[in-house]
Amino acid sequence: MKETFLGVDVCTYTYEQLVAKLMEDIDNNRKSFIVAINPEKIMKAQQDDRLRELLNQATYPIPDGIGVVLASILKRGRIRSRVTGIDMMLRLCQEAAARGKKIFLYGAKPGVADEAKRRLEKMFPGIQIVGTMHGYEKDEQVIKEAINQSGADILFVALGSPAQEYWIANHMHSLSPKVYQGVGGSFDVISG
Ligand code: UDP
C-alpha cells in the first residue's frame with residue numbers, strides 16, 4: 001500500500017507490518033529494498049528524474065520525516081506516524097536475532113561498522129552479524145565476495161544518501177542477501 005507525494009511513492013505500513021513483510025520476503029527468497037523518504041528527498045526528486053525513478057524502485061519507501069506524515073494527513077491519507085530508517089534497522093536487528101537471520105554491515109569509516117557490530121551484539125543477544133566492510137573499500141569484487149560468502153540475509157548499507165540507494169539498486173541483483181536497507185549515518189550513531 002502506497003501513497004504518492006509529488007511523484008514519490010511512500011508506503012503506509014507500520015513497523016510491525018514491515019518487519020513481518022521483510023521476514024516473509026527472506027523466507028520466500030524475495031529481494032526487497034527499503035528507502036527512507038523525507039521531504040528533502042522528495043524535493044530533490046522534483047529536479048532529478050533519475051533520483052525519482054530510483055526512489056520509486058524501492059519495495060518499501062518508508063515515511064522517515066514528520067513532513068511526510070503531515071502531508072498524508074492533509075490529503076486524508078493513511079500515514080499517521082513516522083517510520084525512521086534507524087528505528088527500522090533496529091527493529092529488523094531485533095527480529096533477525098529472534099529468528100536466526102544473518103546480517104552484514106557495509107559502510108562508514110574504517111572501524112565504525114565493527115564497533116556498531118559490537119554494540120548491536122550487546123543490544124540484541126544472539127544476533128548473527130556475519131560480516132562488516134567499511135565504506136571506503138571501492139573494489140566491487142572484494143565487496144561482492146565478502147557479502148555473498150557471508151551468507152547474510154539482510155544487508156545494511158551506510159554510504160550516505162543517495163549514493164547508498166544507487167549502490168543498492170545497481171548491486172542487489174548480483175548479491176545474495178534478500179533485504180537491503182540504506183541507513184545513512186546509522187552506523188555512526190549506533191557505534192556512539
Ligand atoms: N560514507 C562511506 N563511504 C563514502 C562516503 C560516505 O561509507 O564513500 C559514509 C560516511 O562515513 C557516513 C555515511 O556514509 O558514515 C554518511 O552519513 P550521513 O549522515 O552523511 O548520511 P545521511 O544520513 O545524511 O544520508
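Derivation of every value follows stated rules applied to the coordinates shown; laboratory data play no part. Model, not experiment: these values are computed from the prediction. We place every Cβ from the backbone using ideal geometry, glycine too, and count neighbours over all the protein chains shown.
Regarding the range 105-183, what are the three Cα extents along the principal axes, ordered largest first, in Å?
33, 23, 19
State the dimensionless ratio Rg/Rh of the chain (Rg: radius of gyration of Cα atoms; Rh: Kirkwood radius). Each step should come with its number before you reach the end.
On the way: Rg = 15.9 Å, Rh = 16.7 Å.
Using only Cα positions, Rg/Rh for the chain is 0.95.
Which residues' amide hydrogens lie under 5 Å from the amide hydrogen of Val35, considering only partners 5 or more residues apart or on another chain, with H built in the peptide plane?
Sorted by chain and number, the residues that satisfy this are Tyr60, Ile62.
Normalised by the number of residues in the range 2-191, what is the relative contact order in percent for Cα pairs under 8 Å and 6+ residues apart?
On the way: 352 pairs, mean separation 43.6, N = 190.
This gives 23 percent for the range 2-191.
Based only on other Cβ atoms within 10 Å, what is the fewest-to-most ordering of Tyr106, Tyr180? Don't skip to the end; give the middle numbers.
Details: Tyr106 27, Tyr180 24.
The fewest-first ordering by Cβ neighbours comes to Tyr180, Tyr106.
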